[in-house]
Amino acid sequence: MTTFDDRERGFEKRFALDQEQEFKAGARRNRALGVWAAGLMGLTEAHVAEYAQAVVKSDFEQPGEDDVLRKVFEDLKGSGVAVSEGEVRMKMAELLAQAREGLREGK
């Protein structure tokens, strides 16, 4: 075993850990985005968790976050909430930063 092999394994492990953390942060962001959107739409407390779960699941439709953005934006628009796509995108960025920070702090 060479030093190069050890370094390569170390980089592979770090990459895998980073990818896992990013996946978790994305799922947390999507859940929080669902709760935020449910509040704007005036969903009852019983339906908030259900809607948040639907937002999390929507992320698995296509690669990237556009499927989540599209779902939330269309749902808000369909409910008569006056919000722009840019506002939803900004909220997604804000919630992703909060999710990453929460994971770093072990929350």
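From its DSSP helices (H runs of at least four residues, each -39,500 (n - 2.57)), the chain gives a residue-normalised ellipticity at 222 nm of -28000 deg cm²/dmol. For the chain, the longest principal axis of the alpha carbon atoms and the long axis of helix 85-104 meet at an angle near 40°. Charging the Cβ of each Asp and Glu at -1 and of each Lys and Arg at +1, and nothing else, the dipole of segment 3-104 about its Cα centre rounds to 240 debye. For residue 24, a cut-off of 19 angstrom between C-alpha atoms picks up these lysines, skipping any fewer than 8 places away in its own chain: 13, 57, 91, 107. The mean sequence distance of close C-alpha pairs (under 8 Å, at least 6 residues apart), as a share of the length of segment 3-104, puts its relative contact order at 32 percent. So which GluC sites (Glu not before Pro) in segment 54-107 pass both tests, a DSSP loop state and at most 10 other Cβ atoms within 10 Å of the Cβ? Of the GluC sites (Glu not before Pro), the ones in loops of segment 54-107 whose Cβ has at most 10 other Cβ atoms within 10 Å are 105.
Read-outs throughout are calculated quantities, based only on the coordinates presented, and are distinct from any laboratory measurement. All values reported here derive from a predicted model rather than from experimental measurement. Quick reminder, even Gly has a Cβ in these numbers, built from the backbone with ideal geometry, and neighbours come from all protein chains shown.
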